[in-house]
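In what follows, a single structure is set out as structure tokens and then discussed.
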Amino acid sequence: MKYILTLILSVVVYTATIAQSRTETVTYQKINRQAVVNDIPFPEKTVRDAIDNNMGQMGYKGKDTKGFTVYKGVRLPALGNDLYDLYFSADRKSRKEKEYATLTMMITKGIDNFVADSTDAAVVSNAKAYLDSIKIMIAAYDLEQQIIAQEDAIKKADKKYTNLIEDGQDLEKKRKNIENDIAENIKNQANQKAETEKQRQILETLRSKRKH
């Protein structure tokens with residue numbers, strides 16, 4: 001828990017040093033729309049998965065459409081008192097910055113009623129604050145995914161170790177069986193050698209009778 005709090009605090013400090021949320025114009029369905037944009041210090045897949053997980057926990061399921069994941073009828077007090085359709089897209093910030101994503105969010109109050117500064121300045125302002133704060137949620141999600149991945153790695157390592165122990169036990173049994181087989185073989189060699197000598201003596205005795 002202390003590590004989680006430290007990581008989240010680091011993200012909070014980090015967000016204070018980078019560009020905050022801003023509005024930009026994006027083209028959606030061949031029409032220019034106003035969107036709120038922020039640069040997130042995580043890969044685009046992590047950003048998309050974190051948002052989808054967060055929305056899923058609130059009971060909303062996204063649908064992919066024209067480069068955006070859309071969550072319809074969302075009640076999000078951080079934005080305002082209405083129900084909103086939220087459009088999210090996350091793309092790599094640049095070729096060199098693979099670990100950074102640009103998160104874009106558009107908001108509508110129903111079909112084609114897109115929010116903009118000119119009509120809903122308060123909602124746009126709240127959306128900027130929301131995207132500023134969302135980094136903390138993404139950091140917590142990313143940490144949880146790392147923990148889950150590490151737990152899986154430990155399970156796999158434990159299973160491999162257990163398998164090696166079982167293999168070792170099987171090999172030990174085989175070793176003992178082989179040692180027993182070797183001991184039995186040595187005994188049989190000695191017995192057979194004695195039997196061979198006995199038969200050789202019989203043969204020599206028989207041959208000696210020829211001379212008489």
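Please state, rounded to one decimal and in Å, the Kirkwood hydrodynamic radius that the chain gives when every pair of distinct Cα atoms enters the mean of 1/r.
After inverting the mean inverse Cα-Cα distance, the result is 22.9 Å.
If you build a Gaussian network model of the chain, linking Cα atoms that sit under 10 Å apart, which residue out of Leu131, Leu86, Leu171 swings the most?
Leu171
With unit charges on the beta carbon (Lys/Arg positive, Asp/Glu negative), name the residue among Ser89, Tyr60, Leu79 whose Cα is farthest towards the positive pole of the charge dipole of the stretch 39-96.
So the residue we want is Ser89.
Grab the DSSP H runs of the chain that are 4 residues or longer, score each as -39,500 (n - 2.57), total them, divide by all residues and round the 222 nm result to the nearest 500 deg cm²/dmol.
The helix contribution divided over the chain gives -21000 deg cm²/dmol.
GNM on the chain, C-alpha springs below 10 Å: top fluctuator among Ile138, Ile154, Ile40?
Ile154
List the residues of the stretch 84-128 whose backbone N lies under 17 Å from a point placed 7 Å from the Cα of Thr65 along the Cα-to-Cβ direction.
84-90, 105-115
So how much accessible area does Glu144 have, in Å² to the nearest 10, using a 1.4 Å probe?
The accessible area of Glu144 comes to roughly 80 Å².
Helix 44-57: angle to the longest alpha-carbon principal axis of the chain, degrees 0 to 90, nearest 10?
80
Quickly work out the Glu184-to-Asn113 label distance, labels modelled 7 Å from Cα along the C-beta direction, and quote it in nm with one decimal.
8.9
Note the angle between two axes, namely the Cα long axis of helix 117-208 and the longest principal axis of the Cα atoms of the chain, as a number of degrees from 0 to 90, rounded to the nearest 10.
With both axes taken from Cα atoms, the answer is about 0 degrees.
Per-residue counts of other Cβ atoms within 10 Å, averaged by peptide: what ranking do you get for 105-112, 160-167, highest first?
Top of the packing list down: 105-112, 160-167.
Given R₀ = 25 Å, what would the calculated FRET efficiency be for Glu97 paired with Met137, taking r from the Cβ atoms and rounding to 0.05?
The computed FRET efficiency comes out at 0.75.
Against the longest principal axis of the chain, how steep is helix 2-15, in degrees 0 to 90 to the nearest 10, with axes from Cα atoms?
Between the helix axis and the principal axis of the chain, the angle is about 40 degrees.
The values are calculated or read from the model by the stated rules, or taken from the named source; none is laboratory data. Predicted, not measured: the structure shown is a model, and the values here were computed from it. Don't worry about glycine lacking a Cβ; one is built from the backbone with ideal geometry, like all the others, and counts go over all protein chains shown. Remember, those area values only see protein heavy atoms, side chains included, never the ligands or the DNA or RNA. Shrake-Rupley method; radii C 1.70, N 1.55, O 1.52, S 1.80 Å.
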